[in-house]
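In what follows, a structure is listed as structure tokens, so that the remarks can point back to it.
The values are calculated or read from the model by the stated rules, or taken from the named source; none is laboratory data. In this text, all values refer to a predicted model and were calculated from it rather than measured experimentally. Positions of Cβ are backbone-derived with ideal geometry, glycine not excepted, and every protein chain shown enters the neighbour counts. The area values use the complete protein model at the heavy-atom level, side chains included, leaving out ligands, DNA and RNA. Shrake-Rupley method; radii C 1.70, N 1.55, O 1.52, S 1.80 Å.
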Amino acid sequence: MAGMVILAAGLFGMMAVAYANIDVPTATQADAQAQASTIYYADGKTEIAKIGKRRTIVPLDKMNPVLRDAVIAIENDTFYEDEGISVPGMVRSVWMTVTGQQLQGASTITQQMVRNYYDGLSQEVSIQRKIKEIFVAMKVDNELTKDKILETYLNTVNFGAAWGVEEAAQAYFGKSAAKVTPAEAAYLAARIQQPAWSEEDPALKHRFGDVLRRMATVFPDKYGNIAATATFPKVRKANDKDYSLKGRDGYMVSEVLRELKAKGITREEVETSGYKIVSTFDRRLMKLARDAVVNRMRSMSAEFHAGLAVVDPKNGRVVAFYGGEDYLTDPWNEPFDSKKQAASAFKSYVLAAWLNAGYSLDSYVPGNKTVPAVLPGQQKGGIRNSHNVGPAVNLITATAESVNTAFVSMAYRLDQEAIGDKPENHPGKQLQVVKELAEAAGLDKERLEKDIHEHHYQFAIGSALVSPVEQAAGYAIFANKGLYHPAHVVKEVIGKHPETGKPMKVLVEDKTPKRVISEQAAADATVALSEVLKSGTAAGKGIGRPAAGKTGTNNDEKEAWFVGYTPQYVAAVGMYREQCRTAKGKVVQPRYAHCPWSRYKDTSKETKYTPQKPYSEAYEVSLGFEGAGPPTEIWRAFMMAAHQGKPVEQFPPRANVGVAENIVPKPQPKPDPVEEDPFGDNPDNQGDCILGICGDDDGDATIDTGIPDDQGDPFGDGSQGNGDGNGWGQDNGNGNGPPGGGPSVSDPLGATTPTREDE
């Protein structure tokens, strides 16, 4: 008897010492209160998706009391009376641990809470861990109220489809924890034992019945008849739309995550911090963007690709875009990822640089050959146009008609002024004026510099690679009086203060604009660009209110553009076509908008090919149309729908900035015919030639086209070019620029099309 007393005293003494030496951990486990962040549309109310662990922490008074009763009844019916542990349960648990049996069913709610919540309490099966858990639970029970313990537990525990009772109620029943029914509460309580049970698992249904019976036993006054009246609830099908990159939402989510990463907020932080992330995307405009692209491309094959990006010029927000139908099957986001030759849609930056340098729209520029005639980087035969516009045109006509020779000559003249010498003698300084302006308007510096090095003055007519998003933000300088805001997709990120728990802003958009060109230069550039839709390459495709823009088409019509704007929106549309070819030259159709690497739709059957050694690869081929075709039509469809109900805003009036800088002489009007001598020998009078071909004012036997006599074919290859006047070679006269190509793992710029060096 004495020995037993001494042993018991020693045992309790050791327990007392252990209890005194164990402190409640101050740190919580990383996942204990990790919450998914929610991404919203620009209104800050309409949810796009949740990213991360499904948990929304709510206070106990925001949970239906029946939910708390159900959990207590099945998990720990003495919760409000015990001291954080159950002695019978504790003895049983220690015995199961010593004998190697599974630890389960013996822990109180308090023990489960401390095990899942506090740092330093591992999940390992050991007697040491179990004893530490018991002592911590006892101390927590002394330091925290029962309601606080239960609140923490219900916000921490795993319910299978979600962590925490609020998200679980949303996942299974589409309602908050405050509105669950008794049967739904019993269902959630039943899931705690085995969160991995499927919705229709027989074991889950049996456990559900156990919960009902326990509720009737523990709380007879409240739930005495529940076992007879409650039925197994109807559960929503697993819906991970809000928590994945599925569908079109995935394109928005991926761009938000990419931008946050660039600003120092990692995906792990997003997944665990419970942020409210407000994007720049307008839900209505996103739908209109999709409709505009899909409706126009409905008759086209999957070989055709289109990217549409829309920016608010007043702040740089990407308010809409169309990137594809399903991010999971095709993660290539067309307006953000596809970088293609800008073609003549780049000429607007040359125009801006010209006006910003102090030269006016009244300047006369070359219409049929460049000045000088030979330029660094030109193709054989020089840079030409697709149609004859005469030896000299003013800048408005040059813009409207997309005259290549004019813009290349303008870029050369700007270099002359900047360098003070012949630019060909200073290759490192060529095109710096235009490049610096384009860079200030948001185009990628590295791509611009690389293109100048490779193509020299062809850079001025669009050989550099750009994306639709870059173009939309770049053209905003014209719509926003010369001011530029970087394109961005996040308005703000709101978190909780670590101490007070009150909302605090983690990230806000930069609202400070950068001046790229003068307000007057922007106004005059808009005058010229407006003419494109009135009498130029996109004539007749206006939107019934003030609008301006520029077409673009590159070599062989492989890529086509329209970038246009109003004071409210800037929209850029870029299109290209990729043909999927096997090693033997067989053409196969794209699968989910990209070339299949396997011969089979079920890629598990593939034995010969791999993603690294694919069955087919993409080759860029001709679209068969120009920028004034489908790209302008998509732009027009979107802009007309987007502006419905919006007030008509006018562009600023022409500012008449600068002075005329005539690179070529201004054309002189020809004298009126001399009626008194209709058959005379006046060389300017052709009235006496009524048979055959008349001599022209050169005195030769050809009709004067404004092209030198030895260049009757302005392309040197018999090509007719295109009516846009934007191309080179057959269109822009180059053909040796990077062909662009489509998405490629090995080439992030998308240049996958083979090309000959002398093409």
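Quick one: what pairs do we get from the stretch 525-543, first residue in contact (Cβ under 8 Å) with a residue 60 or more places away in the chain, second open to solvent by 40 Å² or more (accessible area, probe 1.4 Å) and in a loop (DSSP other than H, G, I, E, B), C-beta under 6 Å, 6+ apart or different chains?
VAL527/ARG654; GLY536/GLU401
Can you find, within the stretch 285-306, the residue that is least open to solvent (accessible area, probe 1.4 Å) among those that are more than 24 Å from HIS594 (Cβ to Cβ) and touching a helix residue (DSSP H, G or I) at 6+ places or on another chain (Cβ under 9 Å)?
Looking at residues that are more than 24 Å from HIS594 (Cβ to Cβ) and touching a helix residue (DSSP H, G or I) at 6+ places or on another chain (Cβ under 9 Å), I get LEU285.
Looking at the stretch 267-284, which of its residues are assigned to a helix (DSSP H, G or I) and open to solvent by 30 Å² or more (accessible area, probe 1.4 Å)?
ARG267, GLU268, GLU269, GLU271, THR272, ARG283, ARG284 - these are the residues of the stretch 267-284 that are assigned to a helix (DSSP H, G or I) and open to solvent by 30 Å² or more (accessible area, probe 1.4 Å).
Would you mind finding the one in LYS429, LYS422, LYS450 that is in contact with a helix residue (DSSP H, G or I) (Cβ under 6 Å, 6 or more places away or on another chain) and either open to solvent by 10 Å² or more (accessible area, probe 1.4 Å) or over 27 Å from LYS340 (Cα atoms) (or both)? Show your work before the answer.
Values: LYS422 fails: in contact with a helix residue (DSSP H, G or I) (Cβ under 6 Å, 6 or more places away or on another chain); LYS450 fails: in contact with a helix residue (DSSP H, G or I) (Cβ under 6 Å, 6 or more places away or on another chain).
Just a single option satisfies the conditions, and that option is LYS429.
Can we say ALA373 is without any contact (Cβ under 8 Å) to a residue 40 or more places away in the chain and open to solvent by 10 Å² or more (accessible area, probe 1.4 Å)?
Yes, satisfied.
When only residues in the stretch 288-307 that are part of a loop (DSSP other than H, G, I, E, B) and aliphatic (A, V, I, L, M) count, which is nearest to PRO331 (Cα to Cα)?
Step by step, filter the stretch 288-307, then rank; the result is ALA302.
Looking only at the stretch 185-202, which residues are open to solvent by 40 Å² or more (accessible area, probe 1.4 Å), part of a helix (DSSP H, G or I) and among the aliphatic types (A, V, I, L, M)?
none
Please go through the stretch 307-346 and give me each residue that is closer than 21 Å to THR551 by Cβ and open to solvent by 20 Å² or more (accessible area, probe 1.4 Å), ordered by number.
Correct list: TYR322, LYS339.
Every residue, every condition in (1) in a helix (DSSP H, G or I); (2) in contact (Cβ under 8 Å) with a residue 12 or more places away in the chain; (3) within 23 Å of TYR576 (Cβ to Cβ), yes or no:
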position: SER254; (1), (2), (3): yes, yes, yes
position: LYS261; (1), (2), (3): yes, no, no
position: ILE265; (1), (2), (3): no, yes, no
position: MET286; (1), (2), (3): yes, yes, yes
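When the stretch 205-233 is examined, which residues are found to be surrounded by fewer than 20 Cβ atoms within 10 Å (Cβ to Cβ) and free of Cβ contacts under 8 Å to residues at least 40 places away in the same chain?
Result: LYS205, HIS206, GLY209, ARG213, ALA216, PRO220, ASP221, GLY224, ASN225, ALA227, ALA228, THR229.
Would you check which residues across the stretch 657-670 are in a loop (DSSP other than H, G, I, E, B) and loosely packed, with under 13 Cβ neighbours inside 10 Å and list them?
Within the stretch 657-670, PRO665, LYS666, GLN668, PRO669, LYS670 meet the criteria.
For residues that are open to solvent by 10 Å² or more (accessible area, probe 1.4 Å) and outside any loop (DSSP other than H, G, I, E, B), tally how many sit in the stretch 347-360.
The number of residues fulfilling the criteria is 2.
Suppose we filter the stretch 486-502 for residues that are without any contact (Cβ under 8 Å) to a residue 60 or more places away in the chain and either not hydroxyl-bearing (Ser, Thr, Tyr) or not in a loop (DSSP other than H, G, I, E, B) (or both); how many remain?
Start the filter on the stretch 486-502 by keeping residues that are without any contact (Cβ under 8 Å) to a residue 60 or more places away in the chain, which leaves 497-502.
In the following step, the residues that additionally are either not hydroxyl-bearing (Ser, Thr, Tyr) or not in a loop (DSSP other than H, G, I, E, B) (or both) were identified as 497-499, 501-502.
Going through the stretch 486-502 one residue at a time, the tally reaches 5.
If ALA637 passes every condition in (1) over 26 Å from PRO567 (Cβ atoms); (2) in contact (Cβ under 8 Å) with a residue 60 or more places away in the chain; (3) aliphatic (A, V, I, L, M) but one, which one does it miss?
Status for ALA637: all satisfied but (1).
Given the conditions (1) over 22 Å from LYS558 (Cα atoms); (2) surrounded by fewer than 24 Cβ atoms within 10 Å (Cβ to Cβ), which single one is not true for GLN378?
(1)
I'd like to verify a number: residues in the stretch 36-52 that are assigned to a strand (DSSP E or B) and open to solvent by 30 Å² or more (accessible area, probe 1.4 Å), how many?
2
Inside the stretch 504-538, can you point out the residues that are open to solvent by 20 Å² or more (accessible area, probe 1.4 Å), farther than 25 Å from GLY316 by Cβ and outside any helix (DSSP H, G or I)?
Residues satisfying the conditions are SER535, THR537.
Take residues that are hydroxyl-bearing (Ser, Thr, Tyr) and modelled with pLDDT under 85 and tell me which of the helices (runs of 4 or more DSSP H) falling wholly in the stretch 85-166 contain 1 or more.
87-98, 109-117
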